[in-house]
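J.: Before anything else, here's the structure in question.
The values are calculated or read from the model by the stated rules, or taken from the named source; none is laboratory data. The structure presented is a predicted model; accordingly, all values stated were derived computationally and were not measured. All Cβ positions, even for glycine, are placed from backbone atoms using ideal geometry, and neighbour counts span all protein chains on display.
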Amino acid sequence: MNDANGAEAAFHSHVFLGEGHEKSERKTWAVIWLCGAMMVAEIVGGLMFGSIALVADGMHMSTHAGALLLAALAYTYARKFANDPRFTFGTGKLGDLAGFTSAIILAMIALLIGYESITRLFAPVPIHFAEAIPIACVAWPSTSPARGS
């Protein structure tokens, strides 16, 4: 093997983007907007009407929205720098790092929800069910597919 062939073999492509990368990126941004809108409605409604269930589900939706935001940013960054030689092994690991970060954030949100629930055991808050239930009914279809993931 001569130097030219050895050097050529050492510098092969490290672009690992799939065929539907840009389509997946666009769909991810659309779902982020849906999750974000439902998250705000649930958290605001839960705080206004004293429903820890709505607040907890809104916080849960925030983890989905945050995870999807990290994924979308990873998609965008990976696409933008796919051919950048500074990324010796490509940008493929950005999605893995985004997933790991999402798991850490999910754990922190779970602790926050647990803390709030325990606090309410000792200092109950009146719940306005007539106002909270419609918000939950509107939010339910948008959150159900996300929970299947």
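J.: Please give the number of the condition Ser102 fails out of (1) in contact (Cβ under 8 Å) with a residue 40 or more places away in the chain; (2) touching a Ser or Thr at 6+ places or on another chain (Cβ under 9 Å); (3) of a type in the set (S, T, N, Q).
T.: So the condition that Ser102 fails would be (1).
J.: Okay, moving on. Please identify the pairs in which a residue from the stretch 117-146 that is charged (D, E, K, R) has its Cβ atom under 7 Å from the Cβ atom of a residue that is modelled with pLDDT of 80 or more and in a helix (DSSP H, G or I), counting only partners at least 6 apart or on another chain.
T.: Cβ pairs passing all conditions: Arg120/Ile52; Glu131/Phe49.
J.: Would it be correct to say that Ala146 is surrounded by 14 or more Cβ atoms within 10 Å (Cβ to Cβ) and at pLDDT below 80? Spell out the reasoning first.
T.: Working: surrounded by 14 or more Cβ atoms within 10 Å (Cβ to Cβ): yes; at pLDDT below 80: yes.
Criteria met by Ala146.
J.: Would a scan of the stretch 41-55 turn up a residue that is surrounded by fewer than 22 Cβ atoms within 10 Å (Cβ to Cβ), within 25 Å of Asp96 (Cβ to Cβ) and in contact (Cβ under 8 Å) with a residue 24 or more places away in the chain?
T.: No, the conditions are met nowhere in the stretch 41-55.
J.: Follow-up. Which pairs have Cβ atoms under 8 Å, sit 6 or more apart or on different chains, and link a residue in the stretch 68-80 that is in contact (Cβ under 8 Å) with a residue 60 or more places away in the chain to one that is acidic (Asp, Glu)?
T.: If the second residue must be acidic (Asp, Glu), the pairs left are Arg79/Glu22; Arg79/Glu25.
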